[in-house]
1. Given labels modelled 7 Å from the Cα in the Cβ direction, how far is it in nm from residue 71 to residue 27?
2. Scan (i) 31, 19, 13; (ii) 37, 15, 8; (iii) 25, 11, 11 for the value of semi-axes √(5λ) of the Cα gyration tensor in Å calculated from this model and give just the label.
3. Expressed in nm to one decimal, what extension gain is obtained for the pair residue 47 and residue 6 from 0.36 nm per residue of sequence separation less their Cα-Cα distance?
4. Give me the percent relative contact order of region 23-82, please, defined on Cα pairs under 8 angstrom at least 6 residues apart.
5. What is the helix-to-structure angle for 43-55, meaning the angle in degrees between its Cα long axis and the longest Cα principal axis of the chain, kept from 0 to 90 and rounded to the nearest 10?
6. At 0.36 nm per residue, minus the direct Cα-Cα distance, what do residue 20 and residue 63 gain on full extension? Give it in nm, one decimal, please.
């Protein structure tokens, strides 16, 4: 990797990658979560995991609605309680 590529990656990791032009006009987005995350048999476990991620600083609570939103899904992993 050349110095330009290395600098691009390092800067993106430290400051965030700009994935759209800065002068873009964005519209608020909304989506629904996947059934795998809201099914009655997993909902409590998903909520517990989200609370843990917030507590660990991996998720951040927002005061305003974000512009970019991703649907939440839950996929059971081997040897996992979820």
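1. Using points 7 Å along Cα→Cβ, the separation is 1.9 nm.
2. (i)
3. Values: separation 41, 0.36 × 41 = 14.76 nm, distance 3.80 nm.
Length gained, residue 47 through residue 6: 11.0 nm.
4. Numbers: 45 pairs, mean separation 30.5, N = 60.
Answer for region 23-82 is 51 percent.
5. 40
6. Working: separation 43, 0.36 × 43 = 15.48 nm, distance 2.31 nm.
Stretched out fully, the residue 20 to residue 63 stretch lengthens by 13.2 nm.
Every number here is computed from the coordinates shown, using simple stated rules; none is lab data. The shown structure was predicted, so the numbers you read here are calculated from the model rather than taken from an experiment. Backbone-built Cβ (ideal geometry, glycine too); neighbour counts: all protein chains shown.
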